[in-house]
Each structure stands twice: as structure tokens, then as C-alpha cells.
Amino acid sequence: MGAKAREYYILFSFLTLLALSSAFQGKKQYKPCKSLVLYFHDIIYNGKNAANATSAIVAAPEGANLTIFAGQFRFGNIAVFDDPITLDNNLHSKPVGRAQGLYVYDTKNTYTAWLGFAFVLNSTDHQGTINFLGADPILAKSRDISIVGGTGDFFMHRGVATIMTDAYEGDVYFRLRVHIKFYECW
């Protein structure tokens, strides 16, 4: 092997080792720049609880009743909501804002919803909105949904919210624990 070939071999070996070492370092672990936990409480209108209801079915499969979710996996139902947000899991705690948006039951073979909503926060600690979008596989113990932006204290923030069903009382009430982790903070 000539001197020139040896130089190329050493250079090639070095570049190969460099590429392999960076490939096996694993994924970069990101740390949130801001984090908070909030709860939202959803009371579904059932035809008898108009004074307390915070959500309502606004669309359903043809011939369905708008006060009762559709049969199999609620497929085809669309509900809108304006739910209180609290710092703890007590429905009667002082609200720090409202969760406003909609959920669409979009799967025929399991309980899954597509969510589009905002947390509208108006407290001494936080002012502004946080916007969420994504699929919610409801039966999973915890699931992640995208945070796609915000306003006020959350201007241009993006991240992930981990949602857990904290309470479920049939087709009348559920409470979600939302752990918000921002990875882009302005």
C-alpha cells in the first residue's frame, strides 16, 4: 500500500468512526423551558342539566339524539365545550381560566377523539391562551397532544401536553389532568 493510499485509508477510517460514534449517541433529551399542571372539568349537557353543563353535542350521525352520545364508540359526534380550568382536581375550586374548543369522535372501532381547543387563562399568575391540537386515544392511561402556540404570557410557546383522565362519571362528567411542557418559550 502506497503512502497516498494509506492516507486515504486513515482518513476514511476516521470519518467512519466519527459517523458511527455520533449515530450511537442516542436522541438528544430536551428539557422544558416552562411547565405547569392544570385540570379541566367537562359537564356534558344531557337534556336535564342545562344550568350546569359546560359542553354540548352539536353534531351527531343522522337521526341521533343531541343529548345522548352515539352508540358504538360515539363515532360521528362533535361536541363543543367551555369548561372551567382549576389548579387542582376540585370542580368547585376557583377557576383560573376556561378550556374552549371542540372534540370530534372520529374512529369506528375504539374510543378516540380529535381535539382542538384553547386554554384561556385569566388569573393573577397567568394571562393569555395556550392552543392545543391533536388526536386523543381516550382509553390510553396518558396521551400527548401538541401545543401549537399561544398568546399573552404564552406568546409563540410550543410544546406537548400530557393528558390523563383524572375522573370519569359516565356520560355526564369527566376531568382531565393536563401536564403542560413548553419546549419553545419566547
* Residues that are in contact with a Leu (Cβ under 8 Å, 6 or more places away or on another chain) and either polar (S, T, N, Q) or part of a loop (DSSP other than H, G, I, E, B) (or both), drawn from region 95-111 -> V96, T110, Y111
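Look through region 163-186, keep the residues that are without any contact (Cβ under 8 Å) to a residue 60 or more places away in the chain and either of a type in the set (F, W, Y) or over 27 Å from K48 (Cα atoms) (or both), and return whichever of them is least open to solvent (accessible area, probe 1.4 Å).
So in region 163-186, the residues without any contact (Cβ under 8 Å) to a residue 60 or more places away in the chain come out as 163-165, 168-170, 186.
Then keep just the ones that are either of a type in the set (F, W, Y) or over 27 Å from K48 (Cα atoms) (or both); that gives 163-164, 168, 186.
Values: I163: 3, M164: 59, Y168: 133, W186: 198 Å².
The residue in question is I163.
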* Output yes when any residue across region 115-125 is at pLDDT below 95 and either closer than 17 Å to I44 by Cα or part of a strand (DSSP E or B) (or both), and no when none is. => yes
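Each row is one residue, and each column tells you yes or no for (1) farther than 18 Å from Q100 by Cβ; (2) buried (at least 19 other Cβ atoms within 10 Å of the Cβ); (3) modelled with pLDDT of 70 or more.
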| position | (1), (2), (3) |
| --- | --- |
| S22 | yes, no, no |
| K27 | yes, no, no |
| A51 | yes, no, yes |
| I57 | no, yes, yes |
| E62 | yes, no, yes |
| L66 | yes, no, yes |
| Q72 | yes, no, yes |
| I78 | no, no, yes |
* Asked: Of the residues G152, G116, which is out of contact with any Pro (no Cβ under 6 Å at 6 or more places or on another chain) and at positive phi?
  -> G152
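Could you identify the single residue in I138, I147, I130 that is outside any strand (DSSP E or B) and surrounded by 14 or more Cβ atoms within 10 Å (Cβ to Cβ)? Walk me through how you get there before you give the answer.
Details: I147 fails: outside any strand (DSSP E or B); I130 fails: outside any strand (DSSP E or B).
Matching residue, one of I138, I147, I130: I138.
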* Asked: Has region 93-108 got any residue that is open to solvent by 60 Å² or more (accessible area, probe 1.4 Å), touching a helix residue (DSSP H, G or I) at 6+ places or on another chain (Cβ under 9 Å) and free of Cβ contacts under 8 Å to residues at least 40 places away in the same chain?
  -> yes
* Asked: Looking at this structure, is V160 at pLDDT below 95 and open to solvent by 20 Å² or more (accessible area, probe 1.4 Å)?
  -> no
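The values are calculated or read from the model by the stated rules, or taken from the named source; none is laboratory data. Bear in mind the structure is a predicted one, so any value in this text is a computation, not a measurement. Note that we place each Cβ from the backbone using ideal geometry, even for glycine, and neighbour counts take in every protein chain shown. Surface accessibility is based on the protein's heavy atoms, side chains included, excluding ligands, DNA and RNA. Shrake-Rupley method; radii C 1.70, N 1.55, O 1.52, S 1.80 Å.
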